[in-house]
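Undergrad: I'd like to ask you about the structure that follows.
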Amino acid sequence: MSFPKNFLWGGAVAANQCEGAYNEDGKGLCTQDVTPHGIVGPRTEEPTPDNMKLIGIDFYHRYKEDVKLFAEMGFKVFRTSIAWSRIFPNGDEETPNEKGLQFYDDLFDECHKYGIEPLVTISHYETPLHLAKTYDGWVNRKMIGFYERYVRTIFARYGKKVKYWLTFNEINSVLHEPFLSGGIYTEKDKLSQQDLYQAVHHELVASALATKIGHEMIPDAKIGCMILSMPTYPLTPCPDDVIRTMESVHKNDFFGDVHVRGYYPGYMKRYFRENNIEIKFEPGDEEILKNTVDFVSFSYYMSICETADPAQAKGKGNLMGGVPNPYLEASEWGWQIDPQGLRYVLNYYWDRYQKPLFIVENGLGAVDKLVEKDGVMTVEDDYRIDYLQKHLLQVEEAARDGVDVMGYTSWGCIDLVSASTAELKKRYGYIYVDRNDDGTGTLNRYKKKSFYWYKDVIATNGESL
Ligand code: BG6
């Protein structure tokens, strides 16, 4: 047995990392427009020319060419997000921006032209800046109402074109990057645990509300949560390390648990009690949370270790670093590579949730070199093929374990701007985009070696791996 029949092969991007056109056709500013250095640098008051995201890879104007390339690879599904501030420029107005709505109509039509199913993230690290500045993002309960209006608008508009929806990208990352993930304007070191977890509560209620509304408005919709997954291993078999690992895993599982089970788990209530956190529930919240998801999606790039030993330093990693694993190698950006971790996490979620699983992000960020081969410009990215091949073989293993895996959309199927460092030289794509961090480049697209490799994988439903 190999990959399931009808496995959804494809690729993933997010609006703010590829579209550019940051102020065109009525789009309002979003949080990404003021973070020219991603999470590593300070945010600015206004958009500045060194912000690579303002132009991105100009997907807004070139999407037809790009979708055609995805179709050539044989994509069954294409994951992207809707930029909230294209639809509601400030986030709190009553009526949407028609030009923003039209853009996604055109994009989804283009996908369907080739039989590609869109998979849409409703909120992917691109909260309208006005909501961040005026309301402090998700700390404020009013955000639920703004999000609801946005969700109703896009469900009504795209209900016939989009079947797969994700409510929030990597919803658990708000614990680590409150501005990026939750549009929380208060500086991270000044944000209280009380406000942070109240913001989490608002997002969880909003997510369940979106699921409820989606099921009512689009009867055949499949609505999922999206978790940043990072399997966490105890650094040693010392029971202190094992318990510390369990507690740290709980902090992430909290998000999936509420989405799948529909209520707050006991371990979190204990954490709140012991840390003097009191989550304010409004009447009706408990009922809303019972609207559980149809599937669980997640990103997977790396695993980490955890220890009770405070002398162990944290390493680098996808928004939430952990203690490095002495058995693993790392990417050029210090993200440790652990293909088996993907089989592990698939089994872990399946055992815990018994819900279909969707890997909606996975990939290797690397520096690529454009070269000429037989008169054609390309990238010989064997390192990327190697990474993806090893990970996909583990997905296959998990399928053999009996895990229900719906699909796989590798991250940044076309090169785009990095979320953490806002660089373009950290490339993930099968398609090379000629744009450099100094702003030079033609924006031309070139097929990498991995383009043909992935095309084969899809055509053979994984047999070629
Ligand atoms: C995930 C995000 O955290 O990782 C993406 O959902 C992001 O938006 C991806 O791009 C890879 O991270 P980075 O920092 O290499 O772009």
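Undergrad: Select from Leu54, Leu107, Thr35 the residue farthest towards the positive end of the dipole of segment 1-108; place +1 on Cβ of Lys and Arg, -1 on Cβ of Asp and Glu, and compute about the Cα centre.
TA: Final value for the positive-end residue is Leu107.
Undergrad: Return P(r) of segment 127-254 (all Cα-Cα pairs; 5 Å bins starting at 0; whole %; ordered from short to long distances).
TA: 2, 10, 18, 18, 16, 14, 10, 6, 3, 2, 0
Undergrad: Restricting the count to DSSP beta bridges whose residues both fall in the chain, what percent are antiparallel, rounded to a multiple of 5?
TA: Roughly 20 percent of the beta bridges in the chain run antiparallel, per DSSP.
Undergrad: Please compute, over every Cα-Cα pair in segment 107-150, the percentage with a separation greater than 15 angstrom.
TA: Roughly 55 percent, once rounded to a whole number.
Undergrad: Are there any GluC sites (Glu not before Pro) in segment 10-64 that are in a DSSP loop and have at most 12 other Cβ atoms within 10 Å? List them by number.
TA: For GluC sites (Glu not before Pro) across segment 10-64 that sit outside H, G, I, E and B with at most 12 neighbouring Cβ atoms in 10 Å, the list reads Glu45.
Undergrad: Also: May I ask for the percentage of alpha-carbon pairs in segment 200-259 that lie more than 19 Å from each other?
TA: Summing the P(r) of segment 200-259 above 19 Å gives 48 percent of all pairs.
Undergrad: Can you list residues whose amide H is under 5 Å from Ala308's amide H, if they're 5+ apart or on another chain and H is modeled 1.01 Å from N?
TA: Residues meeting the amide H criterion: Asp241.
Undergrad: Do the sum for the chain: with -39,500 (n - 2.57) for every DSSP H run of n ≥ 4, divided by all residues, what is the mean residue ellipticity at 222 nm, to the nearest 500 deg cm²/dmol?
TA: So the helix-based figure for the chain works out to -12000 deg cm²/dmol.
Undergrad: Now, a different point. Taking 0.36 nm per residue of separation and subtracting the Cα-Cα distance, what length does fully extending Asp106 through Arg352 add?
TA: Going from the current span to full extension adds 84.7 nm.
Undergrad: Okay, next question. If you rank Ile227, Ile82 by fewest surrounding Cβ atoms within 10 Å, what's the result?
TA: Ile227, Ile82
Undergrad: Right, something else. Which of Leu8, Leu443 comes first, and how do the rest follow, when ranked by fewest Cβ neighbours within 10 Å?
TA: Arranged by neighbour count, lowest to highest, Leu8, Leu443 become Leu443, Leu8.
Undergrad: Here's a follow-up. So how do Lys447, Lys373 line up by other beta-carbon neighbours within 10 Å, fewest first?
TA: Fewest-to-most ranking of Lys447, Lys373: Lys373, Lys447.
Undergrad: Taking the Cα centre of segment 100-234 as origin and charging only Cβ (+1 Lys, Arg; -1 Asp, Glu), how large is the dipole, in debye to the nearest 20?
TA: The calculation lands at about 360 debye.
Undergrad: Where Lys and Arg each count +1 and Asp and Glu each count -1, what net charge lies around Lys290 among other residues with Cβ under 12 Å from its Cβ?
TA: -1
Undergrad: What is the ratio of the Cα radius of gyration of segment 237-364 to 2.2 N^0.38 Å, where N is its residue count, to two decimals?
TA: 1.20
Undergrad: Let me ask you something else. Bin by bin, in steps of 5 Å, what percent of the Cα pairs in segment 35-80 do you find, going until the bin that has the longest distance?
TA: With 5 Å bins starting at 0, P(r) equals 5, 18, 18, 15, 12, 13, 11, 6, 1.
Undergrad: Is the shape of segment 16-165 rounded, prolate or oblate, going by the alpha carbon gyration tensor and its root eigenvalues a ≥ b ≥ c, with a/c under 1.5 for rounded and a/b larger than b/c for prolate?
TA: It comes out oblate by the Cα gyration axes.
Undergrad: If you wrap a convex hull around the Cα atoms of segment 220-301, how much volume per residue is inside, in Å³?
TA: Each residue corresponds to 112 Å³ of Cα convex hull volume.
Undergrad: Round to the nearest 0.05 the FRET efficiency obtained for Glu98 and Glu380 when R0 = 45 Å and r is the Cβ-Cβ distance.
TA: Approximately 0.50, to the nearest 0.05.
Undergrad: Using 0.36 nm per residue, how much length does the chain from Tyr267 to Lys160 gain when fully extended, once their Cα-Cα distance is taken away?
TA: 34.5 nm
Undergrad: A follow-up question, please. Could you give me the radius of gyration and the Dmax of the chain, taking only the C-alpha atoms into account and expressing both in angstrom?
TA: That works out to 20.9, 67 Å for Rg and Dmax.
Undergrad: Once you have all Cα-Cα distances for segment 118-191, histogram them in 10 Å bins from zero and send the whole-percent values.
TA: 19, 49, 26, 6, 0
Undergrad: Under the classification rounded if a/c is under 1.5, otherwise prolate if a/b is larger than b/c and oblate if not, where does segment 310-465 fall, given a ≥ b ≥ c as square roots of the Cα gyration tensor eigenvalues?
TA: Taking the square roots of the gyration eigenvalues as a ≥ b ≥ c, segment 310-465 is oblate.
Undergrad: What's the magnitude of the charge dipole for segment 157-198 around its Cα centre, counting Lys and Arg as +1 and Asp and Glu as -1 at the beta-carbon? Answer in Debye, nearest 20.
TA: About 560 debye.
Undergrad: For the chain, calculate the relative contact order in percent as a whole number, restricting contacts to Cα pairs under 8 Å that are 6 or more residues apart.
TA: It comes to 18 percent, rounded to a whole number.
Undergrad: Using modelled amide H (1.01 Å from N, peptide plane; none on Pro or chain starts), what sits under 5 Å from the amide H of Val405, excluding residues fewer than 5 places away?
TA: So Val405 has HN proximity to Leu357.
Undergrad: Relative to the Cα centre, what is the charge dipole magnitude of segment 327-465, using +1 at the beta carbon of each Lys and Arg, -1 at the beta carbon of each Asp and Glu, and rounding to the nearest 20 debye?
TA: Dipole size: approximately 280 debye.
Undergrad: Work out the FRET efficiency for Cys238 and Lys133 from their Cβ-Cβ distance, taking R0 = 51 Å, and round it to the nearest 0.05.
TA: With R0 = 51 Å, the Cβ-Cβ based efficiency is 0.65.
Undergrad: Can I ask one more? When only DSSP loop residues count, what trypsin sites (Lys or Arg not before Pro) in segment 254-309 have their Cβ near at most 13 other Cβ atoms within 10 Å?
TA: In loop regions of segment 254-309 (DSSP not H, G, I, E or B), the sparsely surrounded trypsin sites (Lys or Arg not before Pro) are Lys280, Lys290.
Undergrad: Next question, about the same structure. Per residue and in Å³, how big is the convex hull formed by the alpha-carbon atoms of segment 1-96?
TA: Taking only Cα atoms, segment 1-96 has a hull volume of 151 Å³ per residue.
Undergrad: Can you tally the net charge around Phe254? Count Lys and Arg as +1, Asp and Glu as -1, for every other residue whose Cβ sits under 14 Å from the Cβ of Phe254.
TA: Net charge around Phe254: 0.
Bear in mind these aren't lab numbers, they're just calculated from the coordinates by the rules spelled out. None of the values given here were measured: they were computed from a predicted structure. We place every Cβ from the backbone using ideal geometry, glycine too, and count neighbours over all the protein chains shown.
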